[in-house]
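Step one of this worksheet: look at the structure below.
Just so it is clear, none of the values below were taken in a lab; they were calculated from the coordinates. Note that this is a predicted model, so its numbers are computed, not measured. Every residue, glycine among them, receives a Cβ derived from its backbone with ideal geometry; neighbour counts consider all protein chains shown.
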Amino acid sequence: MASSIDFHVVPLDQIKGCNIILGTAHFIKTVEDLFEAIVSSVPNVQFGLAFCEASGPCLIRYEGNDDALTDVAKDNALKLGCGHSFIIYLKNAFPINILNQIKFVPEVCTIHAATANPLQVLVAETHQGRGIIGVIDGDADGILYDNSNISQLAEIAPNNSLFLQVQPGTDDIVGELIKKQIFKNRAKIKYSSLDTLKNKIIDLANDYIIEKINT
């Protein structure tokens, strides 16, 4: 039987200092297993999560170790109202710290977003229910990045970053010099100060540098 379909844009609440993970799972035990995956992955993580059931009374199940974040997750799951969707609000950790563990939870089917940006969820609704069809993650881009101008990248980089633009075709040469003479072919090194390390890299690459920027 043909059914009409409506589309909605549902903005999720942003909490300062928090990331949101949005996904779809498939079983009533999702909340308990997600809780265990998160707390066993990152010490001192603060989070709240909520899961929308898709059959029976279609309850919203929730869990967390931070009451405020759990309340936000509950409110946004109710607002979203998409069967088998889950929302995690995460603090004192980043999605990259726990995403693999979440993906390995047997109930988890899809991760739609993992972000600290403004997040809108595109929802389709029929007579049967509501489902997630996509997300809009972040603001519209306002800058066209030109890789010939490193100052554009420097403007959005963290403080104490060093950017070097080197002569065309010499980036591998500079990288190899840094790897051998500074890192001594090791994956990690320790330096007394970041400025000391920056100066040593600049001295080593000096013959190849076109432009350098310290932020």
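Of the options I189, A37, G169, report the single residue whose Cα projects farthest towards the positive end of the charge dipole of the chain (beta-carbon charges: Lys, Arg +1; Asp, Glu -1).
In the chain, that residue is I189.
For segment 171-197 and segment 1-70, compute the distance between their C-alpha centroids and round to whole Å.
43 Å
Rank-order 60-66, 4-10, 184-190, 91-97 by packing density, defined as the average count of other C-beta atoms within 10 Å over each peptide's residues, highest first. Let's see the in-between values first.
Details: 60-66: 18.4, 4-10: 10.4, 184-190: 6.7, 91-97: 14.7.
Averaged packing, sorted descending, gives the order 60-66, 91-97, 4-10, 184-190.
Mind sorting out which of (i) 124; (ii) 159; (iii) 185 is the real volume of the Cα convex hull per residue in Å³ computed from the coordinates?
(iii)
Please report the relative contact order for the chain, taking Cα pairs under 8 Å with a sequence separation of at least 6, and give it as a percent rounded to a whole number.
Rounded, it is 22 percent for the chain.
Could you tell me what a quarter of the Cα convex hull surface of segment 5-46 works out to, in nm² with one decimal place?
Answer in nm², one decimal: 4.7.
For segment 1-74, would you read off the P(r) tail past 20 Å as a percentage of all alpha carbon pairs?
In whole percent, the share of Cα-Cα pairs in segment 1-74 beyond 20 Å is 40.
Under 26 Å Cα to Cα from K79, which lysines show up? Leave out anything in the same chain fewer than 8 places away.
K79 reaches K16, K29, K91, K103.
Among E176, E107, E125, what is the fewest-to-most ranking by other Cβ atoms within 10 Å?
Ranking E176, E107, E125 by Cβ neighbours within 10 Å, fewest first, gives E176, E125, E107.
Hey, could you grab the Kirkwood Rh for segment 150-214? Inverse mean 1/r over distinct alpha carbon pairs, Å, one decimal.
12.6 Å
Highest GNM mean-square fluctuation, the chain, Cα pairs closer than 10 Å: which of G131, G175, G48?
G175
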